[in-house]
1. Give me the extension gain from Lys189 to Met15: residue separation times 0.36 nm, minus the current Cα-Cα distance, reported in nm with one decimal.
2. Leaving ligands, DNA and RNA out of it, work out the accessible area of Tyr275 with a 1.4 Å probe and give it in Å² to the nearest 10.
3. Taking 7 Å along the Cα-to-C-beta vector as the label spot, tell me the Ala438-Glu177 distance in nanometres, rounded to one decimal.
4. According to a simple spin-label model (label point 7 Å from Cα along Cα-to-Cβ), what is the distance in nm between Leu232 and Asp385?
5. What figure, in Å² to the nearest 10, do you get for the accessible area of Phe459 with a 1.4 Å probe and non-protein molecules left out?
6. Kindly report the accessible area of segment 176-284 per residue (heavy atoms of protein chains, probe 1.4 Å, no ligands, DNA or RNA), in Å².
7. How much length is gained on full extension from Gln273 to Asp368, taking 0.36 nm per residue of separation minus their Cα-Cα distance?
8. Can you compute the modelled spin-label distance between His466 and Leu27, with each label point 7 Å from Cα toward Cβ, in nm?
Amino acid sequence: MAILLPYTLQTYVGMIQNGGSPKYRRLPRKGAHLADPGCEKLSKALPPSYLRGELEKYNQIETVMEEAIKHVRRRSKLQSVFPAIYRDETVKRYAANLSACKSDVSKEDLKNYIRVRTRFDLEQAAAVVVSAFVKYGYVDGAVRLVRELGGVLAASCMWVEPNVPLPTQQAVFNCPESLARKLQLSAAKTGMEIPLAANYRELVPLLMRVRRCKPDTRCLNIPQWMFEEAGLEPPAHFKAAFCRGNGATNPVAPSEANSIILSRKHFRCDQRQIYRLFRYWKPDIRLRKSIKKLENKVLHGGSWIQQRALDTDDVALICYYFFHFQRRLQRKVVSDITGCSFLGKGEGAQLYQNNLAIKSTFEKVLLDIAESNGEGVIVAMGDEDTLALIDETCLLMKEYVDIYGGGSTEKLSFKKGEAGGRGRGPVDEYNLLCDVLAHLRQQAGDEGILDVPGPTRKFLAKDIMHWNNAWDDDAFAGGRRAGWEDWLQQRALIEDEGWDVVVRQSSSTKGA
């Protein structure tokens, strides 16, 4: 069954707002008209039949588009053709939607949206994609895509309001421009010119060249996580420092011809900035950072989408990965349209916004256009092993219990009639791991892997449990064992007695 692209359901903590209506946006100050040549060209690609799903309740449906184009500036004609609800506001909104489909969107804009994880509503993302096609001369492709947008063109607001910031998220480990610039200035004090690093792969080799003036064999203490972010193998003297543990003496190596010799003041300043980036010596900070990295890798496909989208110059491929990324960034829905009751078991998976497996005709056409070139499209987890990711997720869940429950799940359970409501740690982080594990279970099923961890419940807020008398639904209520506990023992990732992790973990489960 063909599914037309729906608009984004607006939610608050997963509960649908405004009865499931689309997001209302103020009309652009500069009026858009259907008589505009650009709008008229796109609107002609949309036969009236595509509007029937949204507008079938109104009369004279076959003439809506035709009359709107011909008589948009003749108010008297519009009043005689359109029902009351279609006067002025609806025509202006429709014209503004078509105008949004020919905005100025470049390839670099699309790549930057992916890089900083800018989240649009689905109808806005569709307009961004069509705009990029129009800008680079893919008019036929733009026309094909507009034909699949009848519903959102008629019912939603697709433009981006100029003064309303869009939600963004920086990368988990974003290259610190301040440190890169400080290192460049410190080197300039010694008469040496070095480039300004744009990422960790460029920054770490520069940091390895730094030496203190006295003794000139002392190196900066570069943490292991920085080498992992740069994708570089640490030299022997840094590996020796890792073995001595965090906070040990700085690595030592002879200075070389290209070494950056800094004064004591500049050396210590740069070292402090490195330590401020990420307090890797604290287990709770390290855990939360690992969870965020895993979320970006599994739920948002950040690693492979960014790699493929940023390395290509084909606008159709970039648009495809951009829209696929937007689908991953959408907020999940947990309530019905009224926002008053939770969805039943299995109902959430039937919603387009919740289920990536449901594809709209817009996406199918976009995929067909993107695959028409020589490069093709790959939508997968790349080289990541699903079972290894499941292992990593379960180990992080166990680490959460170790840090915040002292290794005991019982200490993380609320009991009816007992006072107190704190001490369970950042429960949203554990609940996020539950979402990651659920996604990986589904992915494993798609790959034909049947042996996966059992059910894992989330933490519930104490007021919700009290209101609904749902004390038995909490994560570890009544001594319930989570599916990840049995999985870790089954996979021999922990000892049968106690909570000691076996040393032979896969490389993908290494901490920062």
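1. Details: separation 174, 0.36 × 174 = 62.64 nm, distance 5.65 nm.
Gain on stretching Lys189 to Met15: 57.0 nm.
2. My reading of the accessible area for Tyr275 is about 60 Å².
3. Distance between label points: 3.8 nm.
4. Simple spin-label model gives 2.8 nm for this pair.
5. It works out to around 10 Å².
6. Numbers: 5920 Å² over 109 residues.
Here the residues of segment 176-284 average 54 Å² of exposed surface.
7. Numbers: separation 95, 0.36 × 95 = 34.20 nm, distance 4.79 nm.
Here the answer is 29.4 nm.
8. Using points 7 Å along Cα→Cβ, the separation is 4.9 nm.
The values are calculated or read from the model by the stated rules, or taken from the named source; none is laboratory data. These figures come from a predicted structure and were not determined experimentally. Note: ideal-geometry Cβ built from the backbone for every residue, glycine included; neighbour counts use all protein chains shown. With ligands, DNA and RNA removed, areas are computed over all heavy atoms of the protein, side chains included. Shrake-Rupley method; radii C 1.70, N 1.55, O 1.52, S 1.80 Å.
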